[in-house]
1. Do we find that G158 is assigned to a strand (DSSP E or B) and of a type in the set (G, A, S) in this structure?
2. Out of the stretch 149-194, which residues are among the aliphatic types (A, V, I, L, M) and closer than 25 Å to P76 by Cα?
3. Go through the stretch 184-216 and give me each residue that's outside any strand (DSSP E or B) and in contact with a Pro (Cβ under 9 Å, 6 or more places away or on another chain).
4. Among the candidates I93, I84, which residue alone is closer than 28 Å to T168 by Cα, open to solvent by less than 30 Å² (accessible area, probe 1.4 Å) and either outside any loop (DSSP other than H, G, I, E, B) or in contact with a Phe, Trp or Tyr (Cβ under 8 Å, 6 or more places away or on another chain) (or both)?
5. Return a yes/no flag: does the stretch 140-151 have any residue that is aromatic (F, W, Y), open to solvent by 50 Å² or more (accessible area, probe 1.4 Å) and outside any loop (DSSP other than H, G, I, E, B).
6. Tell me which residues, restricted to the stretch 170-219, are of a type in the set (A, V, I, L, M), more than 19 Å from T99 (Cα to Cα) and either surrounded by 15 or more Cβ atoms within 10 Å (Cβ to Cβ) or modelled with pLDDT of 80 or more (or both).
7. Go through (1) open to solvent by less than 50 Å² (accessible area, probe 1.4 Å); (2) farther than 20 Å from V198 by Cβ and name the single condition A107 misses.
8. Tally the residues that are open to solvent by 90 Å² or more (accessible area, probe 1.4 Å), over 21 Å from D199 (Cα atoms) and assigned to a helix (DSSP H, G or I), restricting the search to the stretch 39-81.
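The values are calculated or read from the model by the stated rules, or taken from the named source; none is laboratory data. These figures come from a predicted structure and were not determined experimentally. In this analysis, Cβ positions are derived from the backbone assuming ideal geometry, glycine residues included, and neighbour counts consider all displayed protein chains. Each accessible area value is taken on the protein alone, full model and side chains, heavy atoms only, with ligands, DNA and RNA left out. Shrake-Rupley method; radii C 1.70, N 1.55, O 1.52, S 1.80 Å.
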Amino acid sequence: MGDWAQLSAVSAGGAFHLFTTDRDYTAQLNDVRRFRHEWECAASVDLRHGRAAAADPYEEHSRVEGGDRESMLDLPYEAWRDDIRAGKRSLMIAGDSRTVLDLNDRAVTADGLETASGSVVGVGDSVVTGRNQRGLATGLGWVKNVDQWTVVGVRRDGAMDVRRTNGTGCAPLPGAYVREHVELGYATTAHHAQGRAVDTAHAFVCATTLREPLYIMAT
């Protein structure tokens with residue numbers, strides 16, 4: 001079970017890529033069902049295989065806009081903000097950490113605690129934890145890498161209280177953990193976006209964006 005075209009800890013697809021390239025026969029899923037618009041099914045498959053023509057239908061359906069960096073940072077943020085205000089689950093995606101930070105900072109207005117990246121996180125913000133910490137219990141589980149939370153309290157010593165986005169557990173995060181391993185969750189890299197379930201996604205793409213992040217952003 002897996003997808004050779006997506007990102008993994010080693011390379012695109014990891015062991016799944018090995019099976020599909022080094023074996024005579026490997027069962028694969030070919031029927032695309034997850035899109036509301038039929039044209040996206042074929043376009044996503046072309047993008048998955050790295051075909052240059054895959055970009056054409058996205059442009060034809062006004063899914064792509066171009067411009068200078070600052071303008072292109074504003075557009076996904078504004079589209080994300082409008083979706084959030086409409087009650088949708090939305091996510092901003094970029095291919096590098098610098099752009100993710102720039103997008104996240106646009107989404108924050110409240111005062112709070114400063115993280116290692118320089119972002120300020122306050123009550124009500126969406127955050128993501130970046131390190132497994134079994135000693136920080138949340139009901140029957142614990143704090144894990146890429147877990148999604150909402151900040152429900154901040155303390156003078158830099159500690160933070162968070163509640164899982166799905167509402168199934170709370171955890172107190174020590175100040176040292178907050179500073180080094182907590183980041184805003186409004187925007188993320190394509191790698192960390194895998195597996196996220198949202199209604200809409202808005203991606204920042206540049207000339208150096210690789211095929212794998214493009215594929216993940218489109219699906």
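1. When the stated conditions are applied, G158 does not pass them.
2. Selection gives V151, V182, L184, A187, A190, A193.
3. So in the stretch 184-216, the residues outside any strand (DSSP E or B) come out as 185-186, 190-199, 205-216.
Hits for the stretch 184-216 are A190, H191, A193, V205.
4. Of I93, I84, the one residue that is closer than 28 Å to T168 by Cα, open to solvent by less than 30 Å² (accessible area, probe 1.4 Å) and either outside any loop (DSSP other than H, G, I, E, B) or in contact with a Phe, Trp or Tyr (Cβ under 8 Å, 6 or more places away or on another chain) (or both) is I93.
5. Scanning the stretch 140-151 turns up at least one residue that is aromatic (F, W, Y), open to solvent by 50 Å² or more (accessible area, probe 1.4 Å) and outside any loop (DSSP other than H, G, I, E, B).
6. Once the filter is applied, which keeps residues that are of a type in the set (A, V, I, L, M), more than 19 Å from T99 (Cα to Cα) and either surrounded by 15 or more Cβ atoms within 10 Å (Cβ to Cβ) or modelled with pLDDT of 80 or more (or both), the stretch 170-219 yields A171, L173, A176, V178, V198.
7. All conditions pass for A107, except number (2).
8. 4
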